[in-house]
Amino acid sequence: MAAPVSGESGSGARGDSGSGAPGHGLGTVVSATKAAGGLPQPGDEFDFYRSFPGFQDFCAVQGERLLHCMSQLMKHHGCRSHINDKNKLTGLEERFDLVVESNDVILEKVGIMLDEASGVTRSQPVMPAGYQPPKIVVSSWNRKGGNRSTETFHLLHAKNIQRPQLKFKDKVDNSNTPFIPKISVKPNAVKPLSSCEFQYKRPEDLDVPPALADFIHQLRTQEHMDDMFSHPYQHELDHLVMSESLRIKPEPQIYKPLEETSCKFIDTLEDLVDLNEKLTRSKEFAVDLEHHSYRSFLGITCLMQISTREEDFIIDTLELRSEMYILNESFTDPSIVKVFHGADSDIEWLQKDFGVYVVNMFDTHHAARSLNLGRNSLDHLLKLYCNVDSNKRYQLADWRIRPLPEEMLAYAQADTHYLLYVYDRLRADLCDAANGQSNLIHLVWSKSKDLCLKKYVKPIFTEESYMELYRRQKKSFNSQQLAAFRLLYAWRDKLARSEDESTGYILPNHMMMKIAEELPKEPQGIIACCNPTPPLVRQQINELHQFIKQAREIPLLKSESTLFGPHDTSHVSESDLMELSFTGRSNFLTSTLTVLCNIILSEMDSGHLTVAQQKAHSIMESFENPFRMYLPSKDIHISKNAKYDPSSKIYEVHRIIRHILSVTVKEQGCHHVSLLIQQVLSTRGAVDMLSKANPRKQNCKQSIFF
């Protein structure tokens, strides 16, 4: 769309205000969105329209046009543009991945242009005079600067390190039980900690996770089940009041240069206690976490970064995992503001790994959204307020690595070093946007408080858990494929919990769907469905093969998808069919009756029909069968005697429908026949179409609807 808009502006379509072309482009996008929203929705409605040949042709033509336009747009922006090439892309998922990749590139360009339009990249520095702007070096993304300009480095991913879970004092709890808060001491408490949340004494040789033992104990004694799973600081957060200092427009305090700021790495208990004392004496501090989720079932918080106005701290949470609860004294102090950016996951990770809770938080992500900045990422805020280009090369690095390289430590420090200054600038902008009032600040503060009230919830496996993933994949499996998928899903969940590995490491979703869809007969077929083959799949290949063999022994049934469900009445008993009311909605699509009515009425000789039957017969003849695609083709031989064979399904359906029509026509008259036809046609638009094609049917139309 960018090329046509620029062309129109060049031809004078922009107008005096200079907003004509953008307005036209926006209007086109809105119109296209509305048109897309008006298409039949997936499910029964789409399947019904899909039965018409005209709609099929329309979808095919418009689909090709859309793919061609998308290909041209991708080519214009320098992306891979073979979305319409069936030789290179054979599946819907591959095309979807290509669209996602192209969107990322295009949106990145849009963000850069928006920054330029808002003046973020202008030559004048945003910071006060004397501040040195960052030096821009044009080079390869993975080349170091300095004297060794030719040396390159890669993202660090630990493959053969010792698993940190093995050194944890508390055994990781991957049991299939609800999460119980890890808290035994409650600092800054207004309401004391519930008695059920204290750890009771267990046998030392009990080989079960502590959380599971607590859960079993509570179930046996039936003690305070609600309190056991409640938020420990629910009462304090419910009665928290925003301080007056937050309502006043602040004077932003400039941060120290990153190179001149002290950064201390904390990996001992003594240093952690000293840090907690410093935090309790401060008015605010910034917090961020680095998390690893690929080689752990529930994930591991590997690092915590904290910044005050004077110092930066990096805490080795793998080493101090069992002592991190000490920070509850400062994190739950309502007089201290904790500044996060996008704390949705951070709040849960603090609870899950350390039993640390947050009271009185300010989330800069919600502040950016309230200001409608367009982009709410921390990268954008650093560029907007600090003129700092954040380096995200280590964003996906493996933070379990010990010792951490200097480059990763510098990256971790930068995440929180500027955050307090951004916090000041956002508060000032919120005051200005509200004309000096504090309503916007209070809105952000309230949303941040709601985040503090979040509770970590463990993933619980049930017999129906696999259906959620199955529905998201939009696949249509038969009974054998679905059984294989269910068995693979249960195997993966059990193995991931016992080995403390993520489900994505055990067997990624797309590989699991592929195995269930193909149902390989040999173990090598399972290996062929996985590229690359996960290590535990190769180890457990015989067990997986047994699952597939077990699934293949199940009777093969049709998929219970929307394609078969609404139109399949084989599961409806004869008594239910006889009790169908034509004056109300039936439990199955009444348009299915059209096929059967056509079969029966076509046999009747028009010379022996009543007036009502002739009207019904005329309308039925003019109505094109929408389910032709589900019927056998004309060149397939169908026995004409099938409907006279008592053992056939056609005979049963034929007899029931013939009985319904004969009773309705002979005993209840023309009016009920009209109601029958109205139920079959379903919509007034269908009758309008028929009346235009057959003008003589106007009286019948009136008898139906009036």
Counting only residues in the range 423-440 that are out of contact with any Pro (no Cβ under 8 Å at 6 or more places or on another chain), in a helix (DSSP H, G or I) and among the hydrophobic types (A, V, I, L, M, F, W, C), the one farthest from K338 (Cα to Cα) is identified as A433
Assess whether Y385 counts as being touching a residue at least 60 places away in the same chain (Cβ under 8 Å), under 22 Å from S282 (Cα atoms) and buried (at least 19 other Cβ atoms within 10 Å of the Cβ). no
Considering residues that are under 19 Å from L451 (Cα atoms) and either aromatic (F, W, Y) or at pLDDT below 95 (or both), the number found within the range 298-341 is 2
Condition check: out of contact with any strand residue (DSSP E or B) (no Cβ under 7 Å at 6 or more places or on another chain) and either of a type in the set (V, I, T) or modelled with pLDDT under 95 (or both). Does L219 satisfy that? yes
Hits in the range 478-525 - residues which are under 25 Å from the mean Cα position of the chain (by Cα) and either of a type in the set (S, T, N, Q) or in a loop (DSSP other than H, G, I, E, B) (or both): Q481, D500, E501, S502, T503, L507, P508, N509
Look at the range 471-495 and say how many of its residues are touching a Lys or Arg at 6+ places or on another chain (Cβ under 9 Å), under 21 Å from F297 (Cβ atoms) and surrounded by fewer than 19 Cβ atoms within 10 Å (Cβ to Cβ). 0
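Rundown of residues vs (1) within 26 Å of the chain's Cα centre (by Cα); (2) more than 13 Å from W445 (Cα to Cα), yes/no style:
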site	(1), (2)
F331	no, yes
D346	yes, yes
D353	yes, yes
V356	no, yes
V359	no, no
So if I check each of K383, K338, K352, K392, which one is assigned to a strand (DSSP E or B) and at negative phi? K338
Across the range 277-335, what is the number of residues that are within 27 Å of K458 (Cβ to Cβ) and assigned to a loop (DSSP other than H, G, I, E, B)? 12
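The values are calculated or read from the model by the stated rules, or taken from the named source; none is laboratory data. Keep in mind it's a predicted model, so treat the numbers as computed, not measured. Neighbour counts run over all protein chains shown; Cβ positions are idealised from the backbone, glycine included.
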